[in-house]
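Encoded as structure tokens, the structure appears first; notes follow it.
The values are calculated or read from the model by the stated rules, or taken from the named source; none is laboratory data. Note that the coordinates shown come from a computational prediction; the quantities given were computed from them, not determined experimentally. Positions of Cβ are generated from backbone atoms using ideal geometry, with glycine treated the same way; all protein chains shown enter the neighbour counts. These area figures cover heavy atoms from the full protein model, side chains too; ligands, DNA and RNA do not enter into them. Shrake-Rupley method; radii C 1.70, N 1.55, O 1.52, S 1.80 Å.
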Amino acid sequence: MNHLFEYLSQNLHATLNTLVWALSLVLQCILFALLFSRGIARRFPFFASLIGLYILRSAVLFLIFNHVSPSNYTGLRNLLLLLEIIVQICVAVELTLPLARQRGGWSVRQGLLLLGLLWTAGLCTFLATAILPPHAPLRADRSQLFFSFFMIFLCAWAYRPRAFGSLARRIISGVALYGIVNIAANIGRINAAADKLPRVYAAWSYALVAIYLIVVVLWLATLRMPPDRSLSAPL
């Protein structure tokens, strides 16, 4: 009976993972297509590239799992992770520029504020990794934590009257929302792995996927190019 229960549990877990993966892939493909059909990809090409990279990584890693050697799988995953870091840097720059323009353009004050955001994100990343148990079998991805912290602070910077309702702010808000859960999930999973709590680890993983799906749905509903006011202006 115990073997039967374990077998059914494993099958249910595998089926759930497949359904979640399929739903995530479908929603991301719809979002990727809408970014182009709504003209958003022309304005934020690196953001569209990041969504496309997520789709590619999810599909490739899922399909080749158990079909290649562990070393080849890990090497491909690390290569895609490096590419993701590069694109994330480009996205951060791409989203910072329109916010700076909406705040009156670049100035010494704006530059110092941006440097302060970067320094604070770096400090928070250091503190977050410092509180993790040193004996944990997993290690925190500092680049992902730094990106999450920076986008959270950039989102706070975007919540100003001039930036209210902007397309860039809507994108940043979604990334920041995911970043909050990403930070919590990374810390939670590493602690769960250190304490050998597989159910807690799985719960954090599903929470991270769930919040990403919510963010994708919010982007589908809110990411639209503002109307061209020149078309409605009197001749």
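What number, rounded to the nearest 500 deg cm²/dmol, is the helix-based mean residue ellipticity at 222 nm of the chain, given -39500 (n - 2.57) per DSSP H run of at least four residues and division by all its residues?
-28000 deg cm²/dmol
Charge tally for residue 187 (other residues, Cβ to Cβ under 15 Å; Lys, Arg +1; Asp, Glu -1): +1. Here the scattering of the range 99-187 is modelled by Debye summation over its C-alpha atoms, one equal scatterer each and no solvent; at q = 0.17 Å⁻¹ the log10 of I(q)/I(0) is -0.74. Return one number: the angle in degrees, 0 to 90 and rounded to the nearest 10, between the long axis of the Cα atoms of helix 198-222 and the longest principal axis of the Cα atoms of the chain. In the chain, helix 198-222 runs at an angle near 30 degrees to the longest axis.
Taking Cα atoms only, the orientation of helix 70-102 departs from the longest principal axis of the chain by about 20 degrees.
Distance between the modelled labels on residue 17 and residue 214, one decimal in nanometres: 2.4 nm (7 Å Cα→Cβ projection). Ranking 167, 185, 52 by Cα position along the charge dipole of the chain, where only Lys, Arg, Asp and Glu carry charges on their C-beta atoms, puts 167 farthest toward the positive end. Surface analysis of the chain yields an accessible area of 60 Å² per residue, using protein heavy atoms and a 1.4 Å probe.
When a 1.4 Å probe is rolled over the protein heavy atoms, the share of accessible surface on the range 1-224 that falls to carbon and sulfur comes to 71 percent. Its Cα centre serving as origin, the chain has a Cβ charge dipole (Lys and Arg +1, Asp and Glu -1) of approximately 800 debye. For the chain, the longest principal axis of the Cα atoms and the long axis of helix 2-37 meet at an angle of about 20 degrees.
Extension gain, residue 71 to residue 199, is 43.4 nm, computed as 0.36 nm per intervening residue step minus the present C-alpha separation. For the range 1-224, the fraction of C-alpha pairs more than 23 angstrom apart is 54%. Within the shell of other residues whose beta carbon sits under 12 angstrom from the beta carbon of residue 36, the net charge comes to +3, with Lys and Arg scored +1 and Asp and Glu -1.
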